[in-house]
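The values are calculated or read from the model by the stated rules, or taken from the named source; none is laboratory data. It should be emphasised that the depicted structure is a prediction, and the values quoted were computed from it without experimental measurement. Using ideal geometry, Cβ is built from the backbone for each residue, glycine included, and neighbour counts are taken over all protein chains shown. What goes into the accessible areas is simple: the full protein's heavy atoms, side chains included, and nothing from ligands, DNA or RNA. Shrake-Rupley method; radii C 1.70, N 1.55, O 1.52, S 1.80 Å.
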Amino acid sequence: MIANKKKNILERLNEKFFQAILTNVDENYLKSRILRPSWISKPHLILFGIGMVISGEFAAWNVGLSYGWGSLAVSTIIVNIYFWCLLLCVGELSSALPFSGGALTFVTATMGNVFGYILGLVIFMQTLLVYSQTVLIVGNFYMSLANLTLDQIVYWNAFQERFLE
């Protein structure tokens, strides 16, 4: 009985999800939403990934180590438990709901459009904050190498805009 109930719930979720995706639209709607070629190439993505890893390690590990090894070890264990649970949940969902799209698709299919929209905003904010963190940490690293202050950088940018362009 529980298996039949579970099967009916999954069938309803699949029907609801695929009805939302497979609606009939005209060709003009699809033509206006064609993806343009990106200027970002593989080397850009590789270098940005390296920058994210370096800045993330610099920001997280150094701050964690400033509070001591014990607190960093405890927080690392807690984060590892969290990611193992996340991994197992996504693995279970991917076998129960067989369609691609990642966490956003799973949340939209199981919890509805509102929660899918909220998760989309959270993913967007995460991406925005990771990019900002990378730029700040790498910029601070180069400023420390050149022994510059923020005022000197601002003055140099103003000088460059006014006289060199």
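Distance between the 7 Å Cα→Cβ label points at Arg36 and Phe58: 3.2 nm. Each label was represented as a point 7 Å from its Cα along the Cα-to-Cβ direction; for Leu97 and Phe141 these points are 3.7 nm apart.
Each of Val74 and Leu88 was given a label point 7 Å from its Cα along the Cα-to-Cβ line. The distance between the two points is 2.3 nm. In terms of its C-alpha gyration tensor, segment 21-160 comes out oblate, because a/c is 1.5 or above while a/b does not outweigh b/c. How much of the accessible area of segment 75-144, probe 1.4 Å, is carbon plus sulfur, in whole percent? The C+S portion of the solvent-accessible surface of segment 75-144 is 77 percent. Per residue, segment 75-160 exposes an accessible area of 76 Å² to a 1.4 Å probe, with every protein chain left in place.
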